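This report refers to the structure that appears directly beneath it.
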Amino acid sequence: MSLRQAALRLPAEDRLTAEELRLRAGRPPCVVLPGRERELLDRAVTGSDIMSVIEIATKASAHWALSNVCSGFITIEGGHRLGLCGTAVMKEGDVMNLRDVSSVCLRIAKENRGIAAPLLGQLTKSGVPTDTLIIAPPGGGKTTFLRDLVRLLSDGASGTYTRVALADERGEVAACCAGVPQLDVGSRTDVLTGCPKDKAVMMLLRSMSPGLVAVDEITAPEDLGAMRAAANCGVRLLATAHAEDTRDLLRRPLYKELLESRLFSKAVTITVVHGKREYRVEDLD
Amino acid sequence: MIKLLGAVLLVGVTTWVGVNASFRLRQRERAARAFASALEQLAAELSFEMARIPDVLLKLSKTAPEITRPFFHMCVNATKQIGELPFSVIWRESLLKSHTGLGDEERLEVIQAGVILGRYGIEAQLGAVMNCIQRLRALADEASVMNRDKGKVYTALGICSGIMAVIVLL
């Protein structure tokens, strides 16, 4: 049985909630569902299976995918993410290419429209967004929540339209393909893709005069500097960070500094309980 | 009068057969060189621009040597089927359906290149394309020699066989 047939034979609910497809050469293929993983087939994935998936996902442009893999993954049509592992080809200390692909992780893009709507009232004041930090562990749904909140604010769901500038360094939020966002980030959102966050924030501030700057994953001191600069310009901030909760944030030097700088007044913590996501808003002031 | 007309017709037909055989040899050489040139363009797009295959095919359908364009055009239309069909099948079917003038051997070489194209890393793809270009050039040279040696023979044979048939029948 082919991988496609196996995927199509999944129960309807699993197909709807599937988050990732993971193929590892020599091991059975798996589908990642909320809170669990299940085998898709009882046979091992072959090298040919992997190359076929890459061929289909990249529209017969495997070379393009393999040469762009140094960024960790590539965004394909539909906003899905294709992560690859194999033998890295190095040149002058940089990863130039990948050969002998051994694993593929296909993360299925989901919009989950409306997940941020119930919290919108708590995250805005008279329709104007407050500076908000979204916290969750990896795979917790930070990006999905950020995307929905950006869309709602941009489309005026809070009662006031907000001009949003989105620094989408890794292309995960809007998933632009040929310049067109594959996922809905709202009608008043300008997206800068592929640019390091610190530079992107400054460029967006200068060129797009936004009301709110949204950034996915603050990971470096430079990102923090850019957020400070944006706050000094009177722009509202929306960002995500990897952590279990605010206490976990305080254990990490960068995030501790972030909290102490009081750039954010609200935090949304996402936790997964029995396969379901729960959202909690906290005041950081 | 009818006999004369019949004779002219007979000579005309056999001459056309001979000339056509010679023309096919020339066409085969021309097509092989055109495909080699188009594939060179494809290799350059892959290695310098790191372009994606559908984009390269679209470009080639407009800028490659005239004789190869219907093939690339057909490929572009068929790329919508990627996912339903492997790219190698799309490539092969497009080649078989378009009138390229390639001989059987050249066609086989181009089909072989399509098996690697779009599916593997850049080195493997460029290797397959360059190998195909080399083979096409060698086959074009063979066709050229054959055309030089046999092209005129085919034409002369066509005319002569027509005249012979007329003499025998008269």
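Numerical summary
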quantity	calculated
Apportionment of accessible area to carbon and sulfur, chain B, percent (1.4 Å)	63
Residue-by-residue Karplus 3J(HN,Hα) for the stretch B:89-96, coefficients 6.51, -1.76, 1.60, Hz, glycine and proline x	6, 4, 4, 5, 4, 5, 5, 5
12 Å beta-carbon shell around B:Ser22, net charge (K/R +1, D/E -1)	+4
Chain A: angle of helix A:47-57 to the longest principal axis, Cα-based, in degrees nearest 10	40
Quotient of C-alpha Rg and 2.2 N^0.38 Å, computed over the protein assembly as shown	1.37
Estimated FRET transfer efficiency (B:Glu142, A:Glu222; beta-carbon r; R0 45 Å; 0.05)	0.15
Cα gyration tensor shape of the stretch A:117-283, rounded if a/c is under 1.5, else prolate or oblate by comparing a/b with b/c	rounded
Those trypsin sites (Lys or Arg not before Pro) in the stretch A:190-285 that DSSP places in a loop and that have at most 15 other beta carbons within 10 Å	A:Arg251, A:Arg262
Angle between chain A longest axis and helix A:221-232 axis [Cα atoms, degrees, rounded to 10]	40
Residues in the stretch B:102-148 occluded by at least 40 Å² - accessible area, probe radius 1.4 Å, against chain by itself	B:Gly118, B:Arg119
The protein assembly as shown - mean residue ellipticity at 222 nm from DSSP helices (-39,500 (n - 2.57) per run, n ≥ 4, rounded to 500)	-15500 deg cm²/dmol
Of A:Lys110/A:Lys276; A:Lys199/B:Lys59; B:Lys97/B:Lys150; A:Lys142/A:Lys266; A:Lys142/A:Lys197, those spanning more than 22 Å from alpha-carbon to alpha-carbon	A:Lys199/B:Lys59; B:Lys97/B:Lys150
Anchor B:Lys3: lysines whose Cα lies under 18 Å away (excluding residues fewer than 8 positions away in-chain)	none
Distance histogram for the stretch B:2-169 (every C-alpha pair counted, 10 angstrom bins, percent rounded to whole numbers)	11, 33, 25, 15, 11, 5, 1
For the stretch A:24-160, projected area of the alpha-carbon convex hull averaged over all directions, nm²	10.9
GNM result for chain A, Cα springs below 10 Å: residue of A:Glu244, A:Glu172, A:Glu20 fluctuating most strongly	A:Glu244
Percent antiparallel among DSSP beta bridges (both partners in chain A, rounded to 5)	60
Accessible area per residue in Å² at 1.4 Å probe, computed on the protein assembly as shown	50
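The values are calculated or read from the model by the stated rules, or taken from the named source; none is laboratory data. Every value quoted in this text rests on a predicted model; they were computed, and no experiment measured them. Ideal geometry is used to build each Cβ from the backbone, glycine not excepted, and the neighbour counts take in all protein chains shown. Side chains are part of the model used for accessible areas, which takes the heavy atoms of the whole protein and leaves out ligands, DNA and RNA. Shrake-Rupley method; radii C 1.70, N 1.55, O 1.52, S 1.80 Å.
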